[in-house]
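What follows is a set of notes on a single structure, which appears directly below.
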């Protein structure tokens with residue numbers, strides 16, 4: 001999901017203030033069961049501090065040592081960790097992960113604005129799907145290991161005119177499929193290995209209703225990397241001190257919602273005004289949007305009443321409305337309810353049932369999470 005880069009965006013802002021070189025570690029390829037999949041990234045500082053996690057502690061200590069050579073030489077490198085041996089003979093860790101990972105280490109230089117981390121942050125801010133292409137092995141001097149280039153996905157015509165010919169088709173396929181991939185290219189009889197990673201804008205949540213129970217929901221969503229907008233018809237509830245983490249706080253009446261917000265930018269919406277009249281009015285205002293997840297508080301008969309208020313138009317959104325919203329985890333407190341709601345949203349957007357991973361037959365637990 002798009003929010004996997006949130007920790008990198010925050011780290012980029014810190015690096016700009018500190019102006020200190022760092023190393024970006026990116027998983028470009030995996031085999032078997034692994035803690036993270038291709039496209040996962042982590043930062044390693046010169047002091048050996050880790051921002052993010054790639055192996056759940058499996059090989060991070062060695063990665064820190066590998067990163068030191070990148071700091072010393074200034075040259076990118078690719079490392080490979082194979083933990084498929086039942087005894088982990090190579091590392092002597094006894095992890096039993098039964099997987100292998102290939103990781104690209106790139107030096108982020110302050111004088112070059114920490115490229116390519118800067119373009120990852122720019123992609124998130126631009127709200128435009130794009131592809132980051134990174135060279136992880138190469139015999140070609142024109143495309144050295146660690147070289148990256150960034151391609152906006154605003155239109156195929158732009159890609160056709162800006163993408164080097166060998167990289168054109170995989171870039172378009174990556175944009176279309178929204179899945180990381182590795183490809184080998186031969187230019188002048190020299191082999192190049194390229195990693196193609198789709199970069200999606202952060203997921204967006206719209207919360208309609210700024211009551212006390214909206215506060216932990218915003219906090220939970222932000223901790224997961226979502227961008228959150230909070231709307232309420234009561235100006236006294238839209239206060240920065242109540243929602244310090246919210247990206248947008250808006251005082252909007254239901255009839256003004258469409259004219260003030262681009263509703264289709266949101267991946268999920270939770271309606272929680274605790275007022276049946278305002279819930280009806282807000283629901284009518286979002287009826288023609290394409291928001292894929294619409295969550296309602298309260299029992300199922302409340303959802304039925306709200307949908308009935310839409311008349312025949314209810315069929316436009318009924319398959320996207322979830323009420324009561326959230327997974328059944330026995331939630332009682334506001335924090336637990338917020339967790340339940342966000343878990344339900346994630347499960348639905350990822351096409352998952354939300355059941356225990358141990359109940360998913362013939363599948364390793366690490367494979368299930370991704």
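Within the stretch 38-51, the residues that satisfy the criterion of being assigned to a loop (DSSP other than H, G, I, E, B) and crowded, with 17+ Cβ neighbours inside 10 Å are 38, 39, 40. Taken over the stretch 1-20, the criterion of being assigned to a loop (DSSP other than H, G, I, E, B) and within 17 Å of the chain's Cα centre (by Cα) is satisfied by 1 alone.
Across the stretch 294-349, the qualifying residues are those that are assigned to a loop (DSSP other than H, G, I, E, B) and without any contact (Cβ under 8 Å) to a residue 12 or more places away in the chain, and the one among them that is nearest to the chain's Cα centre (by Cα) is 331. Counting only strands (runs of 3 or more DSSP E) wholly contained in the stretch 187-240, the ones carrying 3 or more residues that are under 16 Å from residue 273 (Cβ atoms) occupy 204-208, 227-232. Could you check the stretch 166-186 and list, in sequence order, the residues that are in contact with a helix residue (DSSP H, G or I) (Cβ under 7 Å, 6 or more places away or on another chain) and not in a helix (DSSP H, G or I)? Scanning the stretch 166-186 gives 181, 183, 185.
Considering the stretch 260-273, and only residues there that are in a loop (DSSP other than H, G, I, E, B) and under 19 Å from the mean Cα position of the chain (by Cα), the residue that is nearest to residue 346 (Cα to Cα) turns out to be 267. For residue 23, the stated conditions hold: it is in a strand (DSSP E or B) and touching a helix residue (DSSP H, G or I) at 6+ places or on another chain (Cβ under 6 Å). Taking the criterion of being buried (at least 17 other Cβ atoms within 10 Å of the Cβ) and either modelled with pLDDT of 90 or more or not in a loop (DSSP other than H, G, I, E, B) (or both), the residues of the stretch 52-78 that qualify are 60, 63, 64, 66, 67, 70, 76, 77, 78. Of the strands (runs of 3 or more DSSP E) lying entirely inside the stretch 83-161, those containing at least 1 residues that are surrounded by 13 or more Cβ atoms within 10 Å (Cβ to Cβ) and modelled with pLDDT under 80 span 148-152. Number of residues in the stretch 176-199 that are over 21 Å from residue 120 (Cβ atoms) and free of Cβ contacts under 8 Å to residues at least 40 places away in the same chain: the value is 4. Quick check, is residue 257 touching a helix residue (DSSP H, G or I) at 6+ places or on another chain (Cβ under 6 Å), surrounded by 20 or more Cβ atoms within 10 Å (Cβ to Cβ) and not in a loop (DSSP other than H, G, I, E, B)? It is true that residue 257 is touching a helix residue (DSSP H, G or I) at 6+ places or on another chain (Cβ under 6 Å), surrounded by 20 or more Cβ atoms within 10 Å (Cβ to Cβ) and not in a loop (DSSP other than H, G, I, E, B).
When residue 3 is tested against the conditions (1) exposed (fewer than 14 other Cβ atoms within 10 Å of the Cβ); (2) at pLDDT below 85, the lone failure is (1).
The values are calculated or read from the model by the stated rules, or taken from the named source; none is laboratory data. Quick caveat: nothing in here was measured; it's all calculated off a predicted structure. Please note: Cβ atoms are built from the backbone with ideal geometry, for glycine as well, and neighbour counts cover all protein chains shown.
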